[in-house]
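Q: Here's a structure for you.
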Amino acid sequence: MVRDVGLAEDLAQDALVIALERWQEMGIPDKPGAWLMTTAKRRAIDHLRRNKLRDRKYEELGWEIDRQHEPDWDEALDDPVGDDLLRLIFTTCHPVLSAEARVALTLRLLGGLTTEEIASAFLVPEPTVAQRIVRAKRTLAAARVPFELPPKNELAARLSSVLEVIYLMFNEGYAASSGGSWIRPLLCDEALRLGRILAEIAPDEPEVHGLVALMEIQSSRFRARVSPSGEPILLMDQNRSLWDHLLIRRGLAAITRAERLGKAFGPYLIQASIAACHARACAASETDWVRISALYDALSQVAPSPVVELNRAVALSMAFGPEVGLEVADSLMQEPSLKNYHLLPSVRGDFLMKLDRKQEASIEFKRAATLARNEKERELLLRRASDCTVE
């Protein structure tokens with residue numbers, strides 16, 4: 001309505017602050033969403049009046065306020081998305097922005113991630129992400145981009161950015177980059193919900209099914225990923241009887257749907273296939289690490305990145321020995337994007353410990369702990385450093 005994403009964000013935040021103040025006294029209204037929308041619209045009218053914009057603009061907004069808050073069935077029938085949040089994600093992933101800017105802006109506005117968490121996901125400095133978001137807002141405002149769902153024939157052009165947003169939302173929930181909890185299940189649940197809807201909208205896109213499969217299988221491990229006190233439990237140490245086998249079956253079925261489309265595997269489907277290898281192993285010792293190594297080789301071809309290479313090093317170490325994995329990890333030591341990435345020294349520490357180079361392993365685990373921003377993960381790394389020094 002105000003044609004400015006930054007101003008819209010400010011108005012929405014104002015409405016939330018007002019709600020925090022008033023709802024304590026008046027109680028939560030019957031339609032809290034409608035209450036917030038009306039309050040934000042009124043703030044918009046005040047803003048327009050203060051800036052002496054034409055009467056027509058705020059009369060239109062005033063008319064919007066007086067409308068009954070009933071579903072617009074005609075719009076719903078024509079809406080190919082059918083979900084408010086997913087519709088907004090498609091809207092903010094506008095092609096006028098670069099791919100990086102689209103994803104950063106959408107994660108900040110709609111994905112529930114902080115600028116720090118987005119920077120962690122991209123392995124770039126926080127100021128870089130902050131600048132991307134600011135520039136993206138300015139670009140949208142300058143281009144007077146309408147904040148509305150694009151036509152059906154334009155949805156496909158935005159699909160890759162939408163998938164990346166959902167993927168990064170899920171990753172932050174699966175292994176929180178900061179805070180006092182290792183996992184954020186609600187964030188994962190929301191990402192999975194969006195993925196399932198997207199699979200219904202785009203049934204012929206294998207990467208959509210691949211992402212859904214990945215999230216289904218990863219979500220199956222939640223009960224086994226943390227101890228009753230919230231301590232992290234690594235994959236190889238998890239009690240697999242606690243894994244949710246319904247989610248595993250759903251994930252495997254999504255992989256089958258993707259494979260039946262007969263198209264080349266993309267990065268999400270390859271990652272789902274890796275997760276499936278773990279899901280099919282009844283015990284950690286039964287994991288097919290040779291196949292996982294081959295899948296990481298394929299992933300490094302279609303989506304090369306230092307993080308993929310580090311994960312490939314882990315797979316190689318499990319398949320062919322820690323010295324092989326250490327050689328690959330050592331080759332990443334000068335990679336600028338991994339300079340402050342805590343998992344690089346953590347992985348090297350694991351390899352060194354298996355090679356009985358415990359003093360070196362302890363140093364690596366301590367370095368990883370200094371870089372980790374998640375409290376639970378930091379405690380785990382310090383315990384592993386301590387274990388290296390215990391005779």
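Q: Looking at the stretch 283-391, which trypsin sites (Lys or Arg not before Pro) are in a loop (DSSP not H, G, I, E or B) and have at most 14 other Cβ atoms within 10 Å?
A: Values: sites: ARG291, ARG312, LYS339, ARG348, LYS354, ARG357, LYS358, LYS366, ARG367, ARG373, LYS376, ARG378, ARG383, ARG384; in loops: LYS339, ARG357.
Here the trypsin sites (Lys or Arg not before Pro) that fit, given the DSSP loop and packing criteria, are LYS339.
Q: While we're on this one: Have a look at PRO322, PRO203, PRO32 and tell me which one the Gaussian network model of the chain (Cα, springs below 10 Å) gives the largest fluctuation.
A: Result: PRO32 has the largest fluctuation of those listed.
Q: Just GLU309, GLU335, GLU205 to compare: in a GNM of the chain, with alpha carbon springs under 10 Å, which one fluctuates most?
A: Among GLU309, GLU335, GLU205, the largest GNM mean-square fluctuation belongs to GLU335.
Q: Could you work out the relative contact order of the chain? I mean the mean sequence separation of Cα pairs under 8 Å and 6+ apart, divided by the number of residues, in percent.
A: Relative contact order comes out at 11 percent.
Q: Here's something else I'd like to know. At 0.36 nm per residue, and after removing the present C-alpha to C-alpha distance, how many nm does the segment from ARG138 to ALA99 gain when stretched out fully?
A: Contour length minus the Cα-Cα distance gives 12.5 nm.
Q: Would the stretch 313-391 count as rounded, prolate or oblate if I go by the C-alpha gyration tensor, calling it rounded below 1.5 in a/c and otherwise prolate when a/b exceeds b/c, oblate otherwise?
A: On the way: a/c = 1.91, a/b = 1.12, b/c = 1.71.
Oblate, because a/c is 1.5 or more while a/b does not exceed b/c.
Q: Here's another thing I want to ask about it. Between ALA276, ALA40, ALA369, where does the largest GNM mean-square fluctuation fall for the chain, given springs only between Cα atoms within less than 10 Å?
A: Largest GNM mean-square fluctuation: ALA40.
Q: Subtracting the Cα-Cα distance from 0.36 nm times the residue separation, let me have the gained length for VAL17 to GLU231 in nm, one decimal.
A: 73.6 nm
Q: Below 25 Å, Cα to Cα, which lysines can LYS137 reach? Residues fewer than 8 away in the same chain don't count.
A: LYS41, LYS52, LYS57, LYS152
Here, each number is a calculation from the coordinates, and none is a lab measurement. This one's a predicted model, so the numbers in the text were calculated from it and none came from an experiment. Every residue, glycine as well, gets a Cβ built from its backbone with ideal geometry; the counts of neighbours run over all protein chains shown.
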